[in-house]
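Student: Before I ask anything, here is the structure I am working with.
Read-outs: derived from the displayed coordinates by stated rules, not from any lab. Given the structure is predicted, the values throughout are model-derived calculations rather than measurements. All Cβ positions, glycine included, derive from the backbone under ideal geometry; neighbour counts span all protein chains shown.
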Amino acid sequence: MERLPIILVHTGKSYYLEPIIRQARWFNPENRICLLSDASTKGIPGVEHVMMDGYMESAKAFEKVYQHLSINSYQFELFCFQRWFIVRDFAKAQGLKRFVCLDSDFLLFDQVDAFFASCLDYDFTVAARIGPVFILFNEQSIDKFCGFCMDLYTRPAYLSFLHDSYKSMTERRELGGICDMTAFGLYQKHVSDNVLDIAYPRNGVCVDHRIRSSFGFEMDEAHTDMMGHACKKIYWAGNRPFGRFLPTGEFVRFAGLHLQGGAKKMLPRFLLDADGVRHPGGFHALLWNLRPSVLKHTLRAAWQWYSNWEVLKQKVFKRQVRN
């Protein structure tokens, strides 16, 4: 069987991108790994760098119909949709029959051909019903999904539903809004339910949809960060991560860990070295945090936090003065 290509879509040379790619390559030495990106990420080893500007035609067509219904930024939510059009156009140009899309903050611990061997008859895979962190597409399903995304913003019935849904969310003071994950959920309702959820155990393995959320797995409440966030309790065997699935009590191997948002700072705890060995904490963690890209990110984040804190203090001071 032809090996499954792995596709990542990412703009900007984020400090975590290269380690994510390096580990994907370690587990998949013979698979194509394609990074659809911009000029800033050229030179990352182990990956085919592809300028996404050459595959933006249908993404730009989607932009013309997109309506922003989210508290997140317009550009962020738009690009989350557009990436699937970019992938579709790239896959079509390359003649890819099946391929895997990997989130750029999803740390892989498996060989994709082995993991997806029993999933080939599905339209695509999701995690926790709507999460596209580690998704297997085929040429027909990516085309159908992109077509459905266009329908969501061009068919009056769908568009009315999106507006009503967002209005209800704002009234309930919920965070977020309408996003590509909304589309993955609605696709299963209106187009096809031939979709496999890989966030739940099958044959002793699954993927972690979000490390800071349980989804039925044991949480490590004893170790929380400064913001009070806990993560799944990870057990290690043979340098592979496992979690305890509470409904059955079984230990399930994670094919990958999703380090969403602030959880990316946990990356050095989970990374494997060139020999496939994990080195949590200690000297290796210190070296990681002293890398120029990580140090730059840390300083920028600290400055952003300080700036936000100063703005908040000014608002509180002005309110006290008025009172």
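Student: Which number in (1) assigned to a loop (DSSP other than H, G, I, E, B); (2) closer than 30 Å to H68 by Cβ marks the one condition that S168 misses?
Tutor: It is condition (1) that S168 fails.
Student: Is it true that some residue in region 205-222 is part of a strand (DSSP E or B), without any contact (Cβ under 8 Å) to a residue 24 or more places away in the chain and of a type outside the set (A, V, I, L, M)?
Tutor: Yes: one or more hits.
Student: Working only within region 92-104, note down all residues that are farther than 24 Å from W26 by Cβ and not in a loop (DSSP other than H, G, I, E, B).
Tutor: Within region 92-104, K92, A93 meet the criteria.
Student: Further, regarding this structure: If I go through region 21-78 residue by residue, how many of them are closer than 19 Å to F109 by Cα and part of a loop (DSSP other than H, G, I, E, B)?
Tutor: Of the residues in that region, 8 qualify.
Student: Out of curiosity, is F116 over 16 Å from the mean Cα position of the chain (by Cα) and crowded, with 22+ Cβ neighbours inside 10 Å?
Tutor: no
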